[in-house]
Every structure is written in C-alpha cells, then in structure tokens.
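Asker: Before anything else, here's the structure in question.
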Amino acid sequence: MSCEHTDILKQEDVEKAFEEALKKVDIMLETFKTTFPSPNSNNLIYWAEDNDQGWTQSFWTGILWLAYEGSGDEKYRQAAEGQLDSYIKRLREELEIDTHDLGFLYSLSGVAEWKTTGNKKARQIALEAADHLIGRYKPKGDFIQAWGDINDPEMYRLIIDCLMNLPLLYWATEETGDRKYREIAVKHLRTTLKTVVREDNSTFHTHYFDPETGLPTHGVTRQGYSDDSAWARGQAWGVYGMPLSYSYISEPQCIEYYYRFTDFFIEKLPQDYIPYWDMIFTDGSDEPRDSSAAAIAICGIYEMDKHLKSEKQSTYMLYADKMLKSLIDSYTTKDDPHANGLLKHAVYSKPCDRGVDECNIWGCYYYMEALVRKLKDWDMYW
Ligand code: GLY
C-alpha cells in the first residue's frame, strides 16, 4: 500500500507535483544521456559530468527509475538502463571508488535495475560493489571507513551518512545467502549509534577512532556549522537510516534511535517545516535552508510507517506531509523555467561555500522518491 493521505496533502496535490517534476526530468533528459548532472546546480542549472568521481551520479539514475515507475513511460527506463555500463566501467576500472558511498552509487543503479527489470548484469555489479564496500571495514573499532585511503590513519573515522550505504550490504546477504555483508553492516550500525548520538538526540556528523586501539576518540563536523551543532542533512540521514536498517534486520534499537533522531529533527523545524542547513539555526535566521534534508527525512518517516504503528509515528506522518506540502508549494522550480533541477533552496556544503541555496541532485531524487511513495506501492531501491 502507498502511504495514506491526510487532509494536509491531497492525492491531487501529489499527482500534480509528480507531473511538474516529470517536466523537469524531461528537460534534464535532453542534456544528460551519457553524462550525469553535477552534484549541485549553478543558478538552478546542473552541468554535465562523467561517472568517474564523487558520490552523486546514481541519484540521476534513481530519478529516471522513479520517473519510469511513476509514469510507466518506457523512455525513462531506457535512459536508466543506458547508464548501467558506466557503473560497470567505474567499478571495474576503479574510478574513484575509495569511498563508502558505493552504497548510494550502486543501490540506485544496480539494485534499482535488478529489482525493476531483473537484469542479471545489474545484480552482478551491485554485488561486486558490496564486496568493495566491505573492504573498507575496520575490525579495530568495528566500522566502515568513510573516505579516502583505508591505510591512512588520519582517515580513521565514520560518518552518519553511511547509514544509507548499509542497505547494499543487507541486500547482498539476502541475494547471496552469505552473512558476511550483513554482519559488517550490523557492526557498523551499532558503532554508529554508540558514537554519533548526543544526549539531546542531536548527532555528530563524523566520529574518529584511535587506529591502534579502535576506541572512539572524538566527534567533529565537516559540513555542519560547528562540531557540537546538528548538521541538518546528517540528522536526516539518521532519520532515514533507521527504517532502512530496521526493514532488513528488525532490531528494536533502530526504532529507539529513529524516535530520537526524528524528535530532534521535528523539534528544530521552522514555521514552514523546512530546516535551515544546520539545526542550530531556527526561525528568524537569515541562513539558507536545506530542502534536501527535509526530502530525506520525509522518505524516512514514510518508510518507517510500513513497520511501526504508534502515536508518535502518526504525529511524524503529519509532519512529513507538512514538509512535503511545503516543498511542493514553495521549494520546487516549477516557476523557474530556466531551471533544470527540481527542488531549490538546498545546500551542499556551507563551510565550503559549495552549492548554497541551489538545487542538489539528491534533494531532487528524495523529493521524487517521496512523491512516488505517496503515489504507489513502491519496492524501494535501498
Ligand atoms: N553524503 C554527503 C552529503 O550528504 O553531503
């Protein structure tokens, strides 16, 4: 069953929003056939990049799969399928794959295609990506190293975003029967929950470990305002990360932490329900919003609704619908004819002054995912 509709968000609102989104996808499709949109836009316009670096190409492939599943139009399926070879090349030729983000990259390409069409080549490359990903596991500390050379002690850390990379591992165990992927994912999950969450339910973006002893040392931020603030997107990765793990492993801990992450996220929302880029900022701030954080959190709350019925969850659903309504009404590019992105007022990295108050491709993806979740019974790619 698709998510229930509340009075806040009507079926026709969602249908109309999906139609508008498809218009932008069509504009993107004119440019991005063998290339991929940049991670963030410039003046709401993405430029073209190859699939040879970074972590974001698969959001475009995922958008195409969502467009196909939401509309039934074969042109989106063909376009998505046409991209698979670039993911095969990237992994086999090892083009910047020293990252935990293989989960993002291969869930929304290989797994999505396998689940949607049954293409065995897609399944195979996603399994190979899972093999690479477990190569980043650090037994001293029990975590998957986020970035960079796995032998570099300066890089001995995890980041909250990695919760989104775990589904590739759970899926690989389900597909192959080999428990090693799931075991590593569960160890990483438990270490993350032990280290990144503060008493007030806010989260560190990243956490370091001592490479000699494996003991956690300290939490810091990379994309947030300060080490002790709550970077909005990091908090949102936590909100969505919990139902994703729960859907595979059914650990009650995932529900406990889902409540903690989501309570904090909702508590800090400004009046229009779309968070500032860091949750240290609240109403009255001149700081930019991060609409992508809202889109991610909405999908997390909608996913958890399949697994959890409680008063709190019903309240979260109302907030999720309010967030989605706010995105539909005030954050899309439907009145920006020059734009090729879908969702504006997002932030990539404020500290690096990168993609500030622009579209970013994961924001566009999660916005589409939220709409598709409302429109139909959707078998997730995660
Ligand atoms: N995973 C990187 C980011 O959220 O910017």
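The values are calculated or read from the model by the stated rules, or taken from the named source; none is laboratory data. Treat the numbers as computed from the prediction; the structure is a model and nothing was measured. Every residue, glycine among them, receives a Cβ derived from its backbone with ideal geometry; neighbour counts consider all protein chains shown.
Asker: Need a quick list: helices (runs of 4 or more DSSP H) entirely within the range 287-382 having at least 2 residues that are within 16 Å of the ligand (Cβ to nearest atom) and either touching a residue at least 12 places away in the same chain (Cβ under 8 Å) or under 15 Å from the mean Cα position of the chain (by Cα) (or both).
Answerer: By residue number, 291-304, 361-375.
Asker: Being farther than 24 Å from Ser326 by Cβ and out of contact with any helix residue (DSSP H, G or I) (no Cβ under 8 Å at 6 or more places or on another chain) is the requirement here; does Thr35 meet it?
Answerer: The answer is yes for Thr35.
Asker: How many residues, within the range 343-373, are touching a Ser or Thr at 6+ places or on another chain (Cβ under 6 Å) and of a type outside the set (Asp, Glu)?
Answerer: Let us first name the residues in the range 343-373 that are touching a Ser or Thr at 6+ places or on another chain (Cβ under 6 Å), namely 343-346, 358-363.
Filter once more, so that each one left must be of a type outside the set (Asp, Glu): 343-346, 359-363.
So the answer is 9.
Asker: I'm checking my understanding of the structure. Among residues of the range 121-169 that are of a type in the set (Lys, Arg), away from the ligand (no atom under 16 Å from the Cβ) and not in a loop (DSSP other than H, G, I, E, B), which one is surrounded by the fewest Cβ atoms within 10 Å (Cβ to Cβ)?
Answerer: Lys121
Asker: Can you report the number of residues in the range 52-70 which are of a type in the set (S, T, N, Q) and crowded, with 24+ Cβ neighbours inside 10 Å?
Answerer: 3
Asker: Quick check on the range 61-83. Is at least one of its residues within 14 Å of the ligand (Cβ to nearest atom) and at pLDDT 95 or above?
Answerer: Scanning the range 61-83, I find no residue that is within 14 Å of the ligand (Cβ to nearest atom) and at pLDDT 95 or above, so the answer is no.
Asker: Only helices (runs of 4 or more DSSP H) wholly contained in the range 1-116 count here; list those with 2 or more residues that are within 18 Å of the chain's Cα centre (by Cα).
Answerer: Passing ranges, in order: 57-71, 102-106.
Asker: Of the residues Tyr46, Tyr76, only one is among the aromatic types (Phe, Trp, Tyr) and touching a helix residue (DSSP H, G or I) at 6+ places or on another chain (Cβ under 6 Å); which?
Answerer: Just one listed residue meets the conditions, Tyr76.
Asker: Check off (1) crowded, with 24+ Cβ neighbours inside 10 Å; (2) of a type in the set (Gly, Ala, Ser); (3) under 26 Å from Phe204 (Cα atoms) for Gly341 and give me the number that stays unchecked.
Answerer: With respect to (1) crowded, with 24+ Cβ neighbours inside 10 Å; (2) of a type in the set (Gly, Ala, Ser); (3) under 26 Å from Phe204 (Cα atoms), Gly341 is out only on (3).
Asker: Residue check: is Tyr331 over 18 Å from Phe59 (Cα atoms) and in contact with a strand residue (DSSP E or B) (Cβ under 6 Å, 6 or more places away or on another chain)? Let's see the steps before the verdict.
Answerer: Values: over 18 Å from Phe59 (Cα atoms): yes; in contact with a strand residue (DSSP E or B) (Cβ under 6 Å, 6 or more places away or on another chain): yes.
Judged against the criteria, Tyr331 is a match.
Asker: Same structure again: Would you pick out the residues in the range 359-382 that are more than 16 Å from Trp60 (Cβ to Cβ) and out of contact with any helix residue (DSSP H, G or I) (no Cβ under 8 Å at 6 or more places or on another chain)?
Answerer: Asp377
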